[in-house]
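Asks: The structure under discussion is supplied below as structure tokens; questions concerning it will follow.
The values are calculated or read from the model by the stated rules, or taken from the named source; none is laboratory data. What you see is a predicted model, and the numbers here were worked out from it, not measured in a lab. Note that each Cβ is placed from the backbone with ideal geometry, even for glycine, and that neighbours are counted across all protein chains shown.
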Amino acid sequence: MGGCFPCFGSSNKAGNNGGTTVKELQKKDSTQDSSVGQFPHVNRVNSDKSKSQSGSDSRKEPAKPKDRPTENIAAQTFTFGELAAATKNFWPECLLGEGGFGRVYKGRLESTGQVVAVKQLDQNGVQGNREFLVEVLMLSLLHNPNLVNLIGYCADGDQRLLVYEFMPLGSLEDHLHDLPLDKEPLDWNNRMKIAAGAAKGLEYLHDKANPPAIDNTRSHGEHNLVAWAQPLFKDRRKFHKMADPLLQGRYPMRGLYQALAVAAMCLQEQAATRPLIGDVVTALSYLASQTYVPNAPSNQTSTLRFKDGRWIGQPR
């Protein structure tokens with residue numbers, strides 16, 4: 001699928017740890033198929049909404065004190081000078097990418113030698129110092145295998161920077177768009193594993209993190225992608241147009257229909273008709289478990305059809 005899943009891509013060329021929005025959830029793992037993606041800029045949302053989706057608070061972590069955020073932040077504090085030194089004074093050659101909230105640089109901490117991704121937030125942003133520290137506190141509380149860890153932060157004068165662990169394989173966008181001639185595109189199996197991992201990260205942010213944190217913004221490019229895809233969902237003869245051409249037809253038709261069914265349900269205009277994120281995780285995890293072997297004999301027919309905003313039937 002690649003380019004058709006809303007949380008997969010970005011309209012900006014945001015590099016490793018670029019944090020431009022959900023589609024930018026970073027998948028942390030040691031294998032290639034699960035090491036790409038991006039971390040979102042997260043915002044606190046009403047906890048009652050999260051409760052209604054998860055059905056129970058029993059899975060959530062204990063609430064943390066809200067007063068005096070700097071006393072509760074587990075992340076390291078860096079001076080601006082330390083991060084300037086780590087990034088060679090924000091040398092253009094160290095630039096990994098640029099997103100909606102600032103630029104991201106690759107750096108090496110002089111104190112430990114650790115390679116990190118340093119996000120320099122836009123100084124024209126509206127956040128005050130306290131709001132920034134509250135956000136850092138929230139980010140420091142998020143720990144999940146499908147999210148990139150926050151290492152530290154800098155609130156030095158008017159400078160606001162976040163320091164994340166570095167993901168050497170880059171962002172998901174790096175593996176989907178503008179590939180060099182000698183680089184193989186991601187195959188179907190890895191794409192499904194990444195989709196399942198991204199869904200698990202969203203499930204954590206939606207239902208298990210305390211306070212709950214989700215991405216409330218969507219870039220203009222994502223709106224365009226959704227507008228492009230929605231008419232295609234209504235015509236099964238056009239389903240193949242939503243598969244990444246780089247796959248060159250090397251994907252299971254049944255799997256494509258099932259993945260598109262999940263995407264279509266997630267794009268329902270009315271929130272009440274969309275599936276719970278836990279159900280999305282279940283569906284995508286199943287797809288990820290179905291290894292596709294090119295040229296293997298399979299039945300390519302399906303009875304799936306789209307009617308009244310819902311998918312009816314089963315791929316065979």
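Asks: Find the residue count for region 124-155, including only residues that are surrounded by 16 or more Cβ atoms within 10 Å (Cβ to Cβ), more than 18 Å from the chain's Cα centre (by Cα), not aromatic (F, W, Y) and not in a helix (DSSP H, G or I).
Replies: Of the residues in that region, 4 qualify.
Asks: Only one residue in E110, E131 is outside the structural domain of N295 (by TED's automatic domain parsing) and either modelled with pLDDT under 90 or of a type in the set (S, T, N, Q) (or both), so which one is that?
Replies: On the way: E110 fails: either modelled with pLDDT under 90 or of a type in the set (S, T, N, Q) (or both).
When all the criteria are applied, what remains is E131.
Asks: Among what's in region 79-101 and is surrounded by fewer than 21 Cβ atoms within 10 Å (Cβ to Cβ), touching a residue at least 24 places away in the same chain (Cβ under 8 Å) and among the aromatic types (F, W, Y), pick the residue that is farthest from E222 (Cα to Cα).
Replies: F80
Asks: In region 206-265, which residues are in a loop (DSSP other than H, G, I, E, B) and of a type in the set (F, W, Y)?
Replies: In the first step, residues of region 206-265 are kept if they are in a loop (DSSP other than H, G, I, E, B); the result is 209-212, 215-219, 235, 243-244, 248-252.
Correct list: Y251 only.
Asks: Limited to region 159-205, what total is found for residues that are farther than 26 Å from L141 by Cβ and assigned to a strand (DSSP E or B)?
Replies: Total satisfying the criteria: 0.
Asks: A follow-up question, please. Return a yes/no flag: does region 57-79 have any residue that is among the charged types (D, E, K, R) and either modelled with pLDDT of 95 or more or in the same structural domain as P211 (by TED's automatic domain parsing) (or both).
Replies: Going through region 57-79, the residues among the charged types (D, E, K, R) turn out to be 57, 59-61, 64, 66-68, 71.
Narrowing the set further to residues that are either modelled with pLDDT of 95 or more or in the same structural domain as P211 (by TED's automatic domain parsing) (or both) leaves none.
No - not one qualifying residue is present in region 57-79.
Asks: Another one. In region 203-228, what residues are farther than 15 Å from V281 by Cβ and modelled with pLDDT of 90 or more?
Replies: Of everything in region 203-228, those that are farther than 15 Å from V281 by Cβ and modelled with pLDDT of 90 or more turn out to be A227, W228.
Asks: Residue check: is L260 in contact with a Phe, Trp or Tyr (Cβ under 7 Å, 6 or more places away or on another chain) and at pLDDT 90 or above?
Replies: On the way: in contact with a Phe, Trp or Tyr (Cβ under 7 Å, 6 or more places away or on another chain): yes; at pLDDT 90 or above: yes.
Answer is yes for this residue.
Asks: What number goes with the only condition from (1) within 24 Å of G113 (Cα to Cα); (2) not assigned by TED's automatic domain parsing to the domain that holds G102 that H240 does not pass?
Replies: Here H240 meets the rest and fails (1).
Asks: Among the residues of region 157-185, write down those that are surrounded by fewer than 23 Cβ atoms within 10 Å (Cβ to Cβ) and touching an Asp or Glu at 6+ places or on another chain (Cβ under 9 Å).
Replies: Result: L176, P185.
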